[in-house]
Amino acid sequence: MVFNNNEEKLRTNLDLLPKARDEASLRTAAYHLRIARHYNRRVKPQIISIRNLVLRSIEATGKGCQCNKLSPLWEGPYLVAAMVKPGTFKLKDASGKMLPRTWNVGNLCKYYQ
């Protein structure tokens, strides 16, 4: 008798499982939206345009392993020559030579004189 009661409860729980999964996924999605909204409220977009001077991250250049803790984190300044797409730029060094690859805005920092 107890065995039958347990089986009935297990079957009921298995029948309700898809509903519980859907509710959990909705709660998770709502949580992610709240977290994203909170984060995006505090993020300030970095405005870099053509002919600005920027510094580039040494870690992004691949020289990060050779640095110690007193080494500079940025190198430059470089001139923004072109915008490939929003957030991606081609740079020129001080002598006017183009750098071989494009650089993401996350690896650049505006240079103020």
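None of the figures in this text is laboratory data; all of them are computed from the coordinates on show. Since we're looking at a predicted model, the values are computed, not measured. Positions of Cβ are generated from backbone atoms using ideal geometry, with glycine treated the same way; all protein chains shown enter the neighbour counts.
Backbone geometry of the stretch 91-105 corresponds, through the Karplus equation with coefficients 6.51, -1.76 and 1.60 at θ = phi - 60°, to 3J(HN,Hα) couplings of 10, 10, 7, 5, 7, x, 7, 6, 6, x, 9, 8, 10, 7, 4 Hz, x marking Gly and Pro. Listing Val84, Val54, Val43 from fewest to most neighbouring C-beta atoms within 10 Å gives Val43, Val84, Val54.
For the stretch 28-113, trypsin sites (Lys or Arg not before Pro) are listed when DSSP marks them as loop and at most 15 other Cβ atoms sit within 10 Å of their Cβ; the list is Arg51, Lys63, Lys69, Lys97. Principal axis extents of the Cα atoms in the stretch 1-43, from largest to smallest and rounded to whole angstrom, are 61, 14, 6.
Please enumerate, by chain and number, the lysines with C-alpha under 24 Å from the C-alpha of Lys90, excluding those fewer than 8 residues away in the same chain. Counting by Cα, and skipping residues close in sequence, Lys90 has these lysines nearby: Lys44, Lys63, Lys110.
Across all Cα atoms of the stretch 19-78, the radius of gyration (one decimal) and Dmax (whole number) stand at 20.3, 57 Å. Close amide-amide hydrogen proximity is noted between Ile48 and no other residue 5 or more places distant or on a separate chain, at a cut-off under 5 Å (H modeled in the peptide plane; Pro and chain starts excluded).
Axis angle, to the nearest 10 degrees, between helix 2-42 and the longest C-alpha principal axis of the chain: 20 degrees.
Within the chain, the proportion of C-alpha pairs whose separation exceeds 18 Å stands at 68%.
Highest GNM mean-square fluctuation, the chain, Cα pairs closer than 10 Å: which of Asn13, Asn40, Asn68? Ranking Asn13, Asn40, Asn68 by mean-square fluctuation puts Asn13 first. Given H placed 1.01 Å from N in the peptide plane, which residues other than close sequence neighbours of Leu91 have an amide H under 5 Å from its amide H? Correct list: Ala81, Leu99.
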